Every structure is written in structure tokens, then in C-alpha cells.
Amino acid sequence: MKKFIFSNALWGVLLSLLTLFFYFTGSGIETIESKFYDFRSKLRAENFPKTEFAIIEIDDESISKIGRWPWSRDKVSDMLVWLSSAPAKPSVIGLNILFSEKEKNDSLKATQILKGKYTQLLKDNKIKERGKDSEFLKAIDEISENMNMDAKLALAITDANNIILPMYMKTDNLMTKPDEAPNWIRKFAIKTDDFENEAEENLMEGSAMTVPLEVLSSSVAGIGHVNVFSEPDGTIRREYPFISYNTEVFPSFALEIVRTHLKRKSEELIIMPGHGISIGKYTMPLDASSSMLVSYTNGETSFKSYSFYDVINGKVVPEAFRDKIVLIGPTAQGIGSFYVTPLEKNLPAVKFTANIIENILHNNYIVRPTWSFQAELALILLVAIFITFVLPRLKALIGAILTILILGGIISAGIFLFVSKGEWIK
């Protein structure tokens, strides 16, 4: 009896049961799988240039030469005016800066105070003007208009007619019903009339939103969320193309950029929670949580980047942006958002967005095949049979060689499917 208890066969059974336990619970083994996933992601990463992109970086050089962040918004509006003029004219501009509050402008505030004081003096008859209309008040209004950088940026956005702005959603505190979304934001919600009843179970839900100013949002081509969700190890491996808010669904920043680039209307987005998203000839596969696994490219070689300072100072030819997807965002240290990904420790948000857009336009996806669970379970059982009944009957050397060959074959097959086919088998 003691000999049986400590037999190799019993150890094989126990090891197999332990493996099945870890597989179904995810305890411990998920950390190992995540590291192996990242290793395969590095092997899969493409290095060739994506010619439809141009990234304008608010980089360290721009900060040092233009001034500390945040800049006055006329700097951004000047860039939009330049890009929107021939011969530049990109197909879409993703402005990855959240303008949720009015620009602090002490000079503008001073002119408003001066106008108020002067108006009160006129009302109190302490001063008099000869003309019917006050030339002084007209002058103040003209000065105020020139100082209103939010209005200047809004005008640049209106004239461009292809700007996508970001918004942010909180996704905690779902116990209470969120406040109604502003009307100027609701027009960017995706139509969801055809959703199945169980769709809500597959949606990430928002509890509050931070949105761009109404004066900026009124004439943009689209607005999308820039939320990212890290996994337990802090790494970003997924994109959520839409988030539910109350009874409406809002697209991501990247998805809105793609839609505008393809010249599609919001109602042409067909979303199937837990299955996929269709837009024209493009289909984005989604997992059960309605997220998409991001297939990262080598950012240093895949996306052509330019310094904001160089572009605005005429050091880059405007033709470099013609008909391109132009993304503008911070990459300088200390401003903006940076993410840990399978390939990089500090990926700027603007380049994260570029990766997602690239995945959609190039059909470059990582998916869990429908047969993945059956395949993984079959492999576990086959290895269990080998360890329990075959390995104990073999000589040590032969057993070691066979074990190495089997494990090597399984690992190699997993790497091949992931790198070449974009199919993730754990």
C-alpha cells in the first residue's frame, strides 16, 4: 500500500489534478502565462513602417523650446489651422488632449472686469459718451475676442471639420445611477437598437464622465473615450472599443478616428457585444468581455513621428500629412499618460492609440480561437496520461528526452500559432 501511495503513477495523477486546478482557477499559473504572452508579443511585433500614420509629438524638445506645459491653446489651434490648410489636409486628426476646463487667462479676466466697471460707470452717469455705441466697449470686446483662446481653438476645430477629441469615464461606483450625459456628447453615442437582451452583461460600464468643453465639442467630427484597463500585473494588453453609460454606448477614441478616416457615420458601426464590431469591410473581433487584444507593433519603426516644434516652425513639409491619420499628443516626460505594455515600459497614450488603429485597418488581431478551450484541455489530459502511465515505464534517459520533445513541441506550436496566426493558446 505504501509503495502505491508513493508510486510515480500517483504523483502523475496528483500533478495532473493540480494542473487542472490551476487551469480552471487561474491561481498562480496566470502570472507565468502573462509573461509567456508578452514574450510571444515581442516575437510577433512588426517592424515595417505604417505609411498611413503621422504622429505629432509634444516631446521634450517642444516643451523646452515653446515653454512649460500646459501651453496656451492658441499653440494647438495654430497647429490645427496649419494642418487643415492645403497641401497638408490629413483625413482625420486625433487630438489626444482633454480640454475639460476653460483655459485660465488672467488677461481675459481683466478685460471682462474692466468692461464691467466701465459699463457700471456709464449706468451711474459718472462718465458720458457722445456716440450711441461705445467705441471703448467695442475695443474691449475685440481685445477679449483675441485673448479668448478657447474660442480660437473652437474656430480651428470647426474649420478643420475632421477633429476627434477624447473624453474619460470613471468605471467604479456603479451602485448609483450615473448623471445624464451632456446633450452635446450624447450625439456621439453608438446606436444600440439591435442589441440582444443579454448584451449588457458584456459591456464595460461608466459611472461618470469627464468631457471636452461644449464650445469645442459642438463641431468636432467625433468624441471617444481614452480609458485603458491594466491587468493584475499592471500591463495593458486590451482595448475596450466601447463603454456603456446609462442606456447609451460610447466608442473609444481610436474607434472614432477609424470611423472618421473611413468616412463612415456613427450609425454604420455595428457592434455585437462579446462577438465583434463591423464598420464597412472591417470587422474587429471581441472576446466575452467585449475587449480586443492589442497586437503591438514596434513603435520606433512602425509610426512616423515628428516634433510639434519642428512642424509648427516649418521644418516638416506639409505633404507629409496629406490624407494621413494624424495623431497629436504628449510624449514628453511628466505630461500625458504612459502605459506598460508587453513591448514597452513607457508607451505614450498617443502611440497606444496608433497601435489600436493599426490593428483595425490591417486586420492585425490576436484572438482566442473558439476551439482553444478544447485544445488546452486535451493537451492537459494527454500530458497527464503520458506522465501517469507512460513515463514511469520508460528508462530515465528516454523519459527525459521524450518529455523535452513533448513540452518543446507544445511550446513551439503555441509560439507559431500566436506569432503567425494571431491565435492565443495558453
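Please go through (1) under 24 Å from the mean Cα position of the chain (by Cα); (2) modelled with pLDDT of 95 or more for Ala45 and return the number of the only condition it doesn't satisfy.
(2)
Hey, can you tell me all the residues within region 166-184 that are touching a residue at least 40 places away in the same chain (Cβ under 8 Å) and either outside the structural domain of Ile93 (by TED's automatic domain parsing) or not basic (Lys, Arg) (or both)?
Pro166, Met167, Tyr168, Met169, Thr171, Pro178, Glu180, Ala181
Tally up the residues in region 39-71 that are more than 16 Å from Lys351 (Cα to Cα) and crowded, with 17+ Cβ neighbours inside 10 Å, please.
The number of residues fulfilling the criteria is 6.
Small (Gly, Ala, Ser), at pLDDT 95 or above, in contact with a helix residue (DSSP H, G or I) (Cβ under 8 Å, 6 or more places away or on another chain) and surrounded by fewer than 23 Cβ atoms within 10 Å (Cβ to Cβ), is that true of Ala320?
Considered against the rule, which asks whether it is small (Gly, Ala, Ser), at pLDDT 95 or above, in contact with a helix residue (DSSP H, G or I) (Cβ under 8 Å, 6 or more places away or on another chain) and surrounded by fewer than 23 Cβ atoms within 10 Å (Cβ to Cβ), Ala320 comes out as no.
Kindly indicate whether Lys345 is over 27 Å from the mean Cα position of the chain (by Cα), among the charged types (D, E, K, R) and surrounded by fewer than 14 Cβ atoms within 10 Å (Cβ to Cβ).
The answer is no for Lys345.
Among the candidates Phe352, Phe389, Phe373, which residue alone is part of a helix (DSSP H, G or I), aromatic (Phe, Trp, Tyr), assigned by TED's automatic domain parsing to the domain that holds Tyr296 and at negative phi?
Just one listed residue meets the conditions, Phe352.
When you look at Val383, is it touching a residue at least 60 places away in the same chain (Cβ under 8 Å), of a type outside the set (Phe, Trp, Tyr) and surrounded by fewer than 19 Cβ atoms within 10 Å (Cβ to Cβ), yes or no?
For Val383, the condition - touching a residue at least 60 places away in the same chain (Cβ under 8 Å), of a type outside the set (Phe, Trp, Tyr) and surrounded by fewer than 19 Cβ atoms within 10 Å (Cβ to Cβ) - is not met.
Could you check region 392-417 and list, in sequence order, the residues that are farther than 23 Å from Tyr37 by Cβ and part of a helix (DSSP H, G or I)?
Pro392, Arg393, Ala396, Leu397, Ile398, Gly399, Ala400, Ile401, Leu402, Thr403, Leu405
Residue-wise test of (1) surrounded by fewer than 18 Cβ atoms within 10 Å (Cβ to Cβ); (2) among the hydrophobic types (A, V, I, L, M, F, W, C); (3) closer than 17 Å to Phe352 by Cβ.
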position	(1), (2), (3)
Thr301	yes, no, yes
Phe308	no, yes, no
Val326	no, yes, yes
Ser337	yes, no, yes
Thr341	no, no, yes
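Evaluate the following for Phe386: is it of a type in the set (A, V, I, L, M, F, W, C) and under 25 Å from the mean Cα position of the chain (by Cα)?
When the stated conditions are applied, Phe386 does not pass them.
Any idea which of Ser289, Ser305, Ser266 is at pLDDT 95 or above, of a type in the set (Ser, Thr, Tyr) and touching a helix residue (DSSP H, G or I) at 6+ places or on another chain (Cβ under 9 Å)?
From the options Ser289, Ser305, Ser266, the qualifying one is Ser305.
The values are calculated or read from the model by the stated rules, or taken from the named source; none is laboratory data. Remember, predicted model here, so these are calculated numbers, not experimental data. Neighbour counts are summed over all protein chains in view; Cβ atoms, including those assigned to glycine, are modelled from backbone coordinates with ideal geometry.
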